[in-house]
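The values are calculated or read from the model by the stated rules, or taken from the named source; none is laboratory data. Please read these numbers as outputs of a predicted model, since none were measured by experiment. Positions of Cβ are backbone-derived with ideal geometry, glycine not excepted, and every protein chain shown enters the neighbour counts.
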Amino acid sequence: MNLILRPGKPEDAQACGVICYKAFKAIADAHHFPPDFPETEMAVGLMNFAFSSPGIYSAVAEANGEIVGSNFLWESRFVGGVGPITVNPTCQNAAVGRKLMERVLHRAENLKLASVRLVQAAYHSRSLSLYTKLGFDVQEPLSVVQGAALNISFPGYHVRAGNDADLDSCNQLCYEIHGHDRSPELAGAVKTGTLSVVEYDGMITGYTTQVGFLGHTIASTNTGLKALIGASAIFSGPGFLLPSRNADVLRWCLQNGLRIIMPMTLMSKGLYNDPAGAFLPSVLY
């Protein structure tokens with residue numbers, strides 16, 4: 001196979017989106033789990049966003065002049081998130097995925113990022129093997145949780161929409177819990193209207209960019225995390241990613257009618273700090 005790797009461009013979105021949908025569906029169907037993208041249009045929409053966003057590095061693989069896969073590095077000052085990485089199911093087991101991963105890891109090295117992270121489907125043993133060979137370590141087992149909105153509140157915990165004035169407090173809280181901030185995602189959540197914060201005693205003690213697959217959430221306590229989950233009107237995508245070791249919150253979710261959809265794994269290469277609080281990672285990290 002005459003494989004060429006090149007930077008992605010907006011006109012690649014349709015072809016890469018179709019491959020993304022087919023690739024995730026094929027592996028999910030093989031293991032009897034729901035796919036990450038329920039329809040092609042959602043995958044194409046994500047590709048349109050990724051290829052047109054200046055803070056996202058893209059790599060596209062071509063074989064004999066035809067696009068066969070893509071991968072992305074979501075860049076920030078400290079931590080980069082990898083994915084989605086997808087390869088046409090007809091080109092599996094031909095080292096395309098490895099080369100796409102090596103390309104974005106090389107980009108991360110050039111940027112001197114302290115850490116690169118990703119989330120993979122725990123039932124996909126081939127991707128776990130590949131990422132482990134490339135230097136990634138397993139950091140957290142995750143459960144994807146989905147269900148109807150809970151409409152649950154907690155005395156003393158006030159959940160409200162976030163705004164620009166909250167960004168400094170949210171970034172500081174993220175730094176205290178994770179050792180780094182996620183300012184680009186926070187700013188983006190304000191623009192799209194998906195940022196929510198939880199206050200206790202008049203102070204912001206948690207926030208979410210959205211409770212769902214593409215959003216991340218942090219809180220000083222499990223009660224604050226429950227308040228953000230309980231106030232969410234919808235759990236976007238396949239669901240939100242809850243660290244399975246947080247038995248208190250996972251049990252609370254199950255007792256309130258939510259269900260576990262599938263297992264996933266948070267992995268990192270480079271610096272990683274155990275969070276000093278409660279959190280829900282995004283599908284990137």
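Numbers at a glance
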| item | result |
| --- | --- |
| Odd one out for residue 208, checked against (1) on the phi > 0 side of the Ramachandran plot; (2) under 15 Å from the mean Cα position of the chain (by Cα) | (1) |
| Of all residues making up the stretch 242-272, the number that are polar (S, T, N, Q) and in a loop (DSSP other than H, G, I, E, B) | 3 |
| Every residue from the stretch 6-24 that is free of Cβ contacts under 8 Å to residues at least 40 places away in the same chain and within 18 Å of the chain's Cα centre (by Cα) | 17, 21 |
| Residue 51 vs. criteria surrounded by fewer than 22 Cβ atoms within 10 Å (Cβ to Cβ), within 25 Å of residue 241 (Cβ to Cβ) and in contact with a Gly (Cβ under 8 Å, 6 or more places away or on another chain) | yes |
| Count of the stretch 64-105 residues which are under 21 Å from residue 40 (Cβ atoms) and among the small types (Gly, Ala, Ser) | 4 |
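To keep it simple, each residue is scored yes or no on (1) out of contact with any Ser or Thr (no Cβ under 6 Å at 6 or more places or on another chain); (2) outside the structural domain of residue 209 (by TED's automatic domain parsing); (3) surrounded by 17 or more Cβ atoms within 10 Å (Cβ to Cβ); (4) among the acidic types (Asp, Glu).
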site: 97; (1), (2), (3), (4): yes, yes, yes, no
site: 125; (1), (2), (3), (4): yes, yes, no, no
site: 134; (1), (2), (3), (4): yes, yes, no, no
site: 141; (1), (2), (3), (4): no, yes, no, no
site: 165; (1), (2), (3), (4): yes, no, no, no
site: 168; (1), (2), (3), (4): yes, no, no, yes
